[in-house]
Amino acid sequence: QVQLVESGGGLVQAGGSLRLSCAASGRTFSTYTMAWFRQAPGKGREFVARIGRSDITVYTDSVKGRFTISRDNAKNTVYLQKNSLKPEDTAVYSCAAGLLTGHYEYWGQGTQVTVSS
């Protein structure tokens with residue numbers, strides 16, 4: 001069982017930056033692919049980025065060059081550094097963990113990010 005707790009959300013002006021953190025319980029964190037998803041008001045959940053066990057990263061096109069996902073296995077934490085934020089980045093951001101890429105068994109509760117114009 002893995003429990004995920006996100007933090008770092010908040011209100012920021014367009015063009016600003018935020019770093020989200022996702023702390024995981026358990027001793028097998030390094031074996032999981034970790035991902036960030038987001039859900040904007042009135043929209044479905046959208047994949048944002050993922051980082052595999054070998055630190056290979058994948059991003060959705062709309063965040064490439066602005067967001068960076070990273071992990072610290074010693075701290076059981078995955079991060080999402082978000083720069084050059086836009087109002088359309090406003091959403092609840094959730095982290096997820098899975099042993100197989102694309103299949104995530106564990107989810108956090110989410111953290112709200114609001115970008116004002």
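The values are calculated or read from the model by the stated rules, or taken from the named source; none is laboratory data. All of these numbers come straight from a predicted model, not from anything done at the bench. Every residue, glycine as well, gets a Cβ built from its backbone with ideal geometry; the counts of neighbours run over all protein chains shown. Surface accessibility is based on the protein's heavy atoms, side chains included, excluding ligands, DNA and RNA. Shrake-Rupley method; radii C 1.70, N 1.55, O 1.52, S 1.80 Å.
Brief remarks on what is shown
- Selection count, segment 1-40, where residues are basic (Lys, Arg) and out of contact with any Lys or Arg (no Cβ under 8 Å at 6 or more places or on another chain): 1
- Scope segment 33-72; condition assigned to a loop (DSSP other than H, G, I, E, B), open to solvent by 50 Å² or more (accessible area, probe 1.4 Å) and closer than 17 Å to residue 106 by Cα; matching residues: 53
- Complete set of residues in segment 103-112 that are open to solvent by less than 60 Å² (accessible area, probe 1.4 Å) and closer than 12 Å to residue 37 by Cα: 104, 108, 110, 111
- Condition broken by residue 85, with the remaining ones in (1) in a loop (DSSP other than H, G, I, E, B); (2) loosely packed, with under 12 Cβ neighbours inside 10 Å; (3) not small (Gly, Ala, Ser) satisfied: (2)
- Counted residues, segment 88-102 - those being open to solvent by less than 10 Å² (accessible area, probe 1.4 Å) and within 23 Å of residue 29 (Cα to Cα): 5
- Segment 1-32, residues that are more than 26 Å from residue 88 (Cα to Cα) and either outside any loop (DSSP other than H, G, I, E, B) or open to solvent by 30 Å² or more (accessible area, probe 1.4 Å) (or both): 1, 3, 24, 25, 26, 27, 28, 29, 30, 31
- Look at segment 26-38: where a residue is under 20 Å from residue 59 (Cα atoms) and at pLDDT 95 or above and a partner is β-branched (Val, Ile, Thr) and open to solvent by 30 Å² or more (accessible area, probe 1.4 Å), sitting 6+ places away or on another chain with Cβ atoms under 7 Å, you get 33/101; 38/92.
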